[in-house]
Amino acid sequence: MQRRRFLQGTGLLAAGQILPISLVELAFAEAGQNFAFAYISDSHIQHIKGSQFVRNWDRGLIRAVAETNLLSPKPDFIVFGGDLAQLGSKEELDHGAEMLSALKGKVHHVMGEHDYYLDLGEYWSRLFGPHYYSFDHKGVHFVVLNSILTDDDWIYRRWPTPQQRMAEMAGLDNPNGSPFMVGEKQRQWLKDDLAKLDRTTPLVVFSHSPLQKIYKGWNFWTEDAEEVQNLLKDFRKVTVLYGHVHQIQYNRIGAISFNSVMATAWPWPYPTAYAQAGEVHLPKLTVPMNRADPFFERDATGWQFIDMASGNVDLHYTLYENRSRVVRFNPQTGQPEDSVYQTESARMAPQNHY
Ligand SMILES: [Fe+2]
Ligand SMILES: [Fe+2]
């Protein structure tokens with residue numbers, strides 16, 4: 001009953017077309033009580049000068065906040081998935097926080113690299129609290145990790161100014177960047193945090209970078225992903241949700257489901273474009289955009305409905321001016337499958353135009 005009401009709510013929203021939020025419904029059998037939360041990510045609020053900010057990024061976040069407040073039934077809480085700011089400045093974080101303050105409900109924040117590398121998360125912490133933590137809600141254990149840390153040498157010794165450090169980490173394909181990691185201290189904390197739980201407790205982990213290795217050149221990557229996965233793997237129902245990649249991604253490693261959420265700011269290239277690069281899965285970024293429609297800035301942004309019933313994850317993507325897609329868990333193969341594009345012959349051809 002609750003699920004039907006929720007879908008009615010999302011049906012209403014579909015009429016609005018650009019919906020830069022993700023809706024997550026949890027219905028784990030052990031938890032016994034369905035609930036929903038909303039997920040907004042990657043707004044990249046960008047300061048120009050004085051009171052001027054990049055308008056499109058502002059509009060994406062304002063829209064997401066408005067749509068979230070209209071959800072019916074009301075989500076139990078909201079997650080902001082990181083990269084609220086573009087270059088981590090006080091002006092950007094304050095401006096982003098002000099827009100988010102219109103949200104009706106508790107917001108849990110995840111740290112993004114664009115929020116972090118100017119002052120190492122100090123001002124962000126004053127606004128939003130700790131960099132990593134956990135909480136329980138209706139029988140589900142939620143963990144928030146700061147997955148965008150890196151080596152001390154890179155952070156403290158390589159760059160002459162915090163501004164340069166931030167700029168180097170802000171580029172998608174900058175070879176001067178450094179791989180993201182959760183780090184030993186936080187992994188030990190996670191181990192201790194999970195030790196208190198029964199292995200049947202449904203687990204949902206929020207990170208900013210994927211806790212799986214997709215493409216190192218773009219930092220779609222977490223260096224110690226396997227070590228974090230090892231801490232999660234004995235739980236029967238684990239879902240990892242992440243932002244950062246500004247695109248649709250889904251995967252399953254053992255019992256762990258991985259799903260990205262889309263950005264409110266801009267899209268990165270489609271997964272289908274990775275085919276051009278053969279074995280490395282992603283092409284070298286020769287130009288910033290490689291879209292199906294490079295003239296449409298919102299191409300492949302949209303919203304998704306994530307159904308975690310039974311601990312497997314079904315995703316319903318509503319893409320602006322594109323055919324909606326469903327990625328559903330197939331119990332026969334034990335994998336998530338795209339209902340339209342999964343078979344080789346039905347996939348979109350690699351895109352050769354730039
Ligand atoms: Fe981002
Ligand atoms: Fe990011």
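The values are calculated or read from the model by the stated rules, or taken from the named source; none is laboratory data. Just so you know, these numbers come straight off a predicted model, no measurement behind them. Note: ideal-geometry Cβ built from the backbone for every residue, glycine included; neighbour counts use all protein chains shown.
A few comments on the model shown:
- Counted residues, segment 226-264 - those being at pLDDT 85 or above and within 15 Å of ligand 1 (Cβ to nearest atom): 10
- Residue tally, condition in contact with a Leu (Cβ under 9 Å, 6 or more places away or on another chain) and either under 19 Å from residue 144 (Cα atoms) or outside any loop (DSSP other than H, G, I, E, B) (or both), over segment 237-252: 6
- First in segment 223-240 and surrounded by 19 or more Cβ atoms within 10 Å (Cβ to Cβ), second anywhere and among the hydroxyl-bearing types (Ser, Thr, Tyr), Cβ under 6 Å, 6 or more apart: 239/257
- Matching residues in segment 187-215 - criterion: being more than 16 Å from ligand 1 (Cβ to nearest atom) and not in a loop (DSSP other than H, G, I, E, B): 187, 188, 189, 190, 191, 192, 193, 194, 195, 203, 204, 205
- Here residue 87 meets each of (1) surrounded by 22 or more Cβ atoms within 10 Å (Cβ to Cβ); (2) within 15 Å of ligand 1 (Cβ to nearest atom) with one exception, condition (1).
- Test: residue in segment 118-135 that is within 16 Å of ligand 1 (Cβ to nearest atom) and hydroxyl-bearing (Ser, Thr, Tyr): no
- Any hit, segment 289-296, residues being more than 16 Å from the chain's Cα centre (by Cα) and either at pLDDT 55 or above or of a type in the set (Val, Ile, Thr) (or both): yes
- Any hit, segment 26-39, residues being acidic (Asp, Glu), closer than 29 Å to residue 257 by Cβ and either at pLDDT 95 or above or touching a Gly at 6+ places or on another chain (Cβ under 7 Å) (or both): yes
- Applying the condition of being of a type in the set (S, T, N, Q) and out of contact with any Leu (no Cβ under 9 Å at 6 or more places or on another chain) to segment 43-71 and asking which residue is nearest to ligand 1 (Cβ to nearest atom) yields 56.
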